[in-house]
Amino acid sequence: MPSLVIKKDNKVIKEVVINKPALLLGRGTVGNDLEIPDNLASRRHCEIKKQGTDYIITDMGSSNGTIVNKQTIKPDQLVVLKDNDEIQIGMTTLIFRDPPSMVPPSPGISSSDVVKKVSEMPLEYRLNIKDMQDAGQSLAAAPFTMDLEKKKENKRFFILYQLGKAVSSATTLKEVLDTAMYSIFDFIKTDRGVVMLLDKESGKIVPYLSRTRLQKELKEHITVSSTIVNKVVSDKVSIITTDAMSDTRFSAGMSIAQQSIRSAICVPLWEKEDVLGVIYLDNQMHAHCFTNDDLDLLTAFGNQIAIRIKQDELYTNLKKEALVRGNLERYHSPDIVELIISKGSTDFAAEEREITVLYADIQNFTPLSEKLSPPDIAEMLNEYFETATNAVFEYKGSVNKYIGDAIMAIFGAPVESKDHGINAVKCAMKILQTLAAQVDRKVSYSVRIGVNTGMVVAGNIGSKKRIEYTVLGDTVNVASRFASYRLNQFGEANQIVIGEQTFKAIQPHDIQVKDLGLVQLKGKEKGVRAYQVIL
């Protein structure tokens, strides 16, 4: 079934299956089958219809046109869509997907092929270690084939296969370690076992889970030989001591003597060069309890567990990054988001720096809103903020806040930029030009913009419970006053007023301005030099 892949800023937003004979595309949900979230899209922009086996696209007389494969189509033109055709509506790209049906290959089987049903796999590979653990059954007592009984390599593979399957399907780290310890007591002759993990904050190895052959849940963790554990961690080695009481390597270990440890085996939870913890087993009654096969098997266990721990950490970090990225993308342009993410922190200490502030609001919003219904006001503001925000992101700015009908944006913070002045002015011009091009707006309104460059205090400011990145200082206040400044008695529609520092920043560029001289701003005792940008 054909579909449309919707992309914006080279990112896939979603894929929509075309399951109707006709699909109307346009801005807004009312009257459309598919909403195009783009201010340059018309309310009824274009239509895709099925004719026979083909799909035809027709422009509905949109303001900015429908572009198919970089060619603008006429309102009365019928264009047959092919697989992977690109449809451009404003800043939004849609990819038409309708791949040809694949003809299945003939079911012939060569005489050299080996064909074996999954149901014919040996029973031991179809066992579920977790089900056996929950039922209190021993994995070691599972019915084995003759080959598995004869060859210890096959048996070791079977154990690791079962553990790997259980580790990958476990939902929590505790479940992983429970299953691992269950398997250890089944196949290794040990009386006590403990898993210890590295605490990243303290840098110490601490007990996480302890078991004995007779007790699954212990109220207190087993006291282990710190001498053995420390050597395993520091040297990244696996150790067997067949008679710990007489082993000269550990003769200084107080816990060995105090607990009368006879045999011990300890392996790292290792992944490449990282040691994340240890598995420690011992026997207080018998010497020579553990073999080299036990050491190999337990070392392999340690690697499988460490890989799972690493995967959990990676997944957690990815979730955190996705959450941080989602929050940042609401206020910052994509390139700034990437810089903040690469920095690895959103903890920005307050500091003094030069930036440019852009402040834009709707002219005569209060009397205008009195004539509109609440839904119409919300639609107007969403349309306006979407246009302004897109322009801010395009010129590497950050949306600092929305204030009623106003938007405040900053350029040159939190990521430094030498071009913050010119970028802010170009952004202001883009906002007005885009709004002017939207001829099918339901409500007509004008916007006044103030732009000012200067020193501010920028950084995370607030309380322990709520903190936000913002900028403070007279530069911000002046930008706001420029936005509300009346160029004449009635106030000029769609105006941009900038300060002297901003004017100096744009002088090398081909932007026309009108010198307004010293203007008196509300709350300022002295006049402030200002300029009007001529569009």
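The values are calculated or read from the model by the stated rules, or taken from the named source; none is laboratory data. None of the values given here were measured: they were computed from a predicted structure. All Cβ positions, glycine included, derive from the backbone under ideal geometry; neighbour counts span all protein chains shown. Remember, those area values only see protein heavy atoms, side chains included, never the ligands or the DNA or RNA. Shrake-Rupley method; radii C 1.70, N 1.55, O 1.52, S 1.80 Å.
Computed quantities for the displayed model
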{"read-out": "Ranked order, Tyr395, Tyr208 - accessible area, probe 1.4 Å, largest first", "value": "Tyr208, Tyr395"}
{"read-out": "Estimated inter-spin distance, Arg441 and Val12, nm [label 7 Å along Cα→Cβ]", "value": "3.5"}
{"read-out": "Only Lys, Arg (+1) and Asp, Glu (-1) charged, at Cβ; the stretch 475-535 dipole about Cα centre in debye", "value": "240"}
{"read-out": "Chain lengthening between Ser169 and Lys50 when straightened (0.36 nm per residue, less Cα-Cα)", "value": "38.3 nm"}
{"read-out": "Per residue accessible area of the stretch 173-215, 1.4 Å probe, in Å²", "value": "48"}
{"read-out": "Heavy-atom accessible area order for Leu214, Leu298, largest first, 1.4 Å probe", "value": "Leu214, Leu298"}
{"read-out": "Probe 1.4 Å - accessible area at Met455, Å² to nearest ten", "value": "90"}
{"read-out": "Projected label distance in nm at Tyr315 and Ala22, using a 7 Å step from Cα toward the beta-carbon", "value": "4.8"}
{"read-out": "Signed unit charges on C-beta, dipole axis of the stretch 175-241, positive-most listed residue Leu197, Val176, Val229", "value": "Val229"}
{"read-out": "Total formal charge among the other residues, if their Cβ is under 13 angstrom from that of Asp191, Lys/Arg +1 and Asp/Glu -1", "value": "+4"}
{"read-out": "Counted charge near Thr66, where neighbours are those whose Cβ lies closer than 10 Å (Asp, Glu -1; Lys, Arg +1)", "value": "-1"}
{"read-out": "Inter-site label distance for Ala350 and Ala493 at 7 Å from Cα along Cβ, in nm", "value": "4.2"}
{"read-out": "Accessible surface, 1.4 Å probe, highest first, among residues Thr366, Thr356, Thr212", "value": "Thr366, Thr212, Thr356"}
{"read-out": "Rounded accessible area of Lys236 (nearest 10 Å², 1.4 Å probe)", "value": "110"}
{"read-out": "Fully extended contour minus Cα-Cα distance, from His221 to Lys371, at 0.36 nm per residue", "value": "46.8 nm"}
{"read-out": "Filter on Lys20/Lys430; Lys11/Lys426; Lys8/Lys272; Lys319/Lys430 - keep pairs with C-alpha separation over 31 Å", "value": "Lys20/Lys430; Lys8/Lys272; Lys319/Lys430"}
{"read-out": "Charge context of Ala483, other residues only, Cβ under 9 angstrom, K/R +1, D/E -1", "value": "+1"}
